[in-house]
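Here is the structure we will look at, set down as structure tokens.
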Amino acid sequence: MKKIIHTQGTRKQAVARATLTPGTGRVIINGVDLHNYSSDVLRLRIAEPLVLVGETANTLNFDIKVNGGGINGQADAIRLAMARALVEHDNKLKKDFYEYDRLLLVADVRQNETSKPNKSKPRDKRQKSYR
């Protein structure tokens, strides 16, 4: 039986669900190959876990579904889900990922600050007039 690993990564409002299966090194994100996905900078950020793993990445396939948030939040959610799946596949990678970038394994929980009543922005103050 083939080992299939399911993991999840989040960043702000973006949620990525990754499925890791034995294969040929394919990375499919929402039905699109990684080489055709978004901009170069985001592709490089998403591929960081695969670069750190090295040749092992060529024996694994990723199928990733991501929704919510913006493109940067989605990219961070994807790399978190991929790194978690790779660590579950080979626990020796955990130390390498943690030393390279802690956010590969630990979700960044910062969220937008909510707007307060009668304010247009979260930290906005009403302008005072002395007339």
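Packing, as the average of other Cβ atoms within 10 Å across residues, places the peptides 82-92, 118-128, 35-45 in the order 82-92, 35-45, 118-128, highest first. When only Cα pairs below 8 angstrom with a gap of at least 6 residues are kept, the range 5-104 shows a relative contact order of 40 percent. For the chain, the pair-distance distribution built from all alpha carbon pairs, in bins 10 Å wide starting at 0, is 12, 40, 25, 9, 8, 4, 1, 0 percent.
Pairs of Lys residues in the chain are counted when their Cα atoms are under 20 angstrom apart and they lie 8 or more places apart or on different chains; the count is 9.
Annotation: the antiparallel percentage among DSSP beta bridges lying fully within the range 5-104 is about 85. Between the beta carbons of Arg26 and Lys125, assuming R0 = 41 Å, the FRET efficiency works out to 0.20 to the nearest 0.05. A full extension of the chain between Asp90 and Lys116 corresponds to an added length of 4.8 nm, given 0.36 nm per residue minus the alpha carbon distance.
For the chain, adding -39500 (n - 2.57) for each run of n ≥ 4 DSSP H residues and dividing by the number of residues yields -10000 deg cm²/dmol at 222 nm. The length gained by stretching the chain between Arg45 and Tyr100 to full extension, at 0.36 nm per residue less their Cα-Cα distance, is 18.5 nm. Taking the Cα centroid of the range 2-59 and of the range 84-131, what is the distance between the two, rounded to the nearest whole Å? Between the Cα centres of the range 2-59 and the range 84-131 lies a distance of 21 Å.
Values quoted throughout were computed directly from the atomic coordinates according to the rules given, and no laboratory measurement underlies them. Quick caveat: nothing in here was measured; it's all calculated off a predicted structure. Using ideal geometry, Cβ is built from the backbone for each residue, glycine included, and neighbour counts are taken over all protein chains shown.
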